Amino acid sequence: MNDEKAQLERKAKRLIEDEYVIWLTTVDSKLAPQPRPVWFIWEDDSFLIFSEPQAHKVLHLTQHPRVSLHFNTDKTGDQDVVVFIGKAEVDSNVGPAHQVSAYFKKYEKGIADLGMSPEEFSQKYSAAIRVTPTALRGW
């Protein structure tokens, strides 16, 4: 593995561990990119995201499963550029969000700030989206 690739992978791992949101970009029926910030955890070599089942992103990824994910950059935009390309699917094998311990630990305060109980959040955001990365790029 070359040094640049190893450095990018280390940066990606740090951002996965440190960041609160990641931007998920799907494409709509007209193939227009549709980016949106989402909560996530890294689990089983993939990103796990919860969504309202009727959200546009769910419809988009069922029609066009290739997606991208990226983090915010620093203020100048020239550091911490990490983009994942991957395949997304609705994962029916995942339990409710509040029962996924890593997810609930990370977003317990955010869920409370929404004025929802963990169970209410899990009911509203019941679609588990799994994004398996197939490529990584950045600088």
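The values are calculated or read from the model by the stated rules, or taken from the named source; none is laboratory data. Since this is a predicted model, take the numbers as computed values, not measurements. Using ideal geometry, Cβ is built from the backbone for each residue, glycine included, and neighbour counts are taken over all protein chains shown.
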**Message:** Among the residues that make up segment 55-73, is at least one of them of a type in the set (D, E, K, R) and on the phi > 0 side of the Ramachandran plot?
**Reply:** no
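Residue by residue, here is whether (1) out of contact with any strand residue (DSSP E or B) (no Cβ under 9 Å at 6 or more places or on another chain); (2) surrounded by 12 or more Cβ atoms within 10 Å (Cβ to Cβ); (3) more than 23 Å from residue 111 (Cα to Cα) holds:
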position	(1), (2), (3)
3	yes, no, yes
11	no, yes, yes
15	no, yes, no
18	yes, no, no
24	no, yes, no
27	no, yes, yes
32	yes, no, yes
39	no, yes, no
**Prompt:** In the list 69, 48, which residue meets the criterion of being touching a helix residue (DSSP H, G or I) at 6+ places or on another chain (Cβ under 7 Å), under 17 Å from residue 20 (Cβ atoms) and among the aliphatic types (A, V, I, L, M)?
**Reply:** 48
**Prompt:** In segment 1-26, which residues are within 10 Å of the chain's Cα centre (by Cα) and closer than 15 Å to residue 58 by Cα?
**Reply:** 23, 24, 25
**Message:** Pairs please, first residue from segment 11-39 and acidic (Asp, Glu), second anywhere and in a helix (DSSP H, G or I) and surrounded by 12 or more Cβ atoms within 10 Å (Cβ to Cβ), Cβ atoms under 8 Å, 6+ apart in sequence or on different chains.
**Reply:** 28/56; 28/60
**Asked** Which residue out of 115, 110, 95 is in a helix (DSSP H, G or I) and among the small types (Gly, Ala, Ser)?
**Response** 110
**Request:** For segment 27-62, name all the residues that are of a type in the set (A, V, I, L, M, F, W, C), more than 13 Å from the chain's Cα centre (by Cα) and not in a helix (DSSP H, G or I).
**Result:** 27, 31, 32, 55
**Request:** Would you be able to say whether some residue in segment 21-33 is touching a Leu at 6+ places or on another chain (Cβ under 7 Å) and β-branched (Val, Ile, Thr)?
**Result:** yes
**Asked** Does segment 66-81 hold any residues that are surrounded by 15 or more Cβ atoms within 10 Å (Cβ to Cβ) and either over 26 Å from residue 9 (Cβ atoms) or at pLDDT 95 or above (or both), and which are they?
**Response** 67, 68, 69, 70
**Item:** Complete set of residues in segment 1-26 that are in a loop (DSSP other than H, G, I, E, B) and closer than 14 Å to residue 84 by Cβ
**Value:** 19
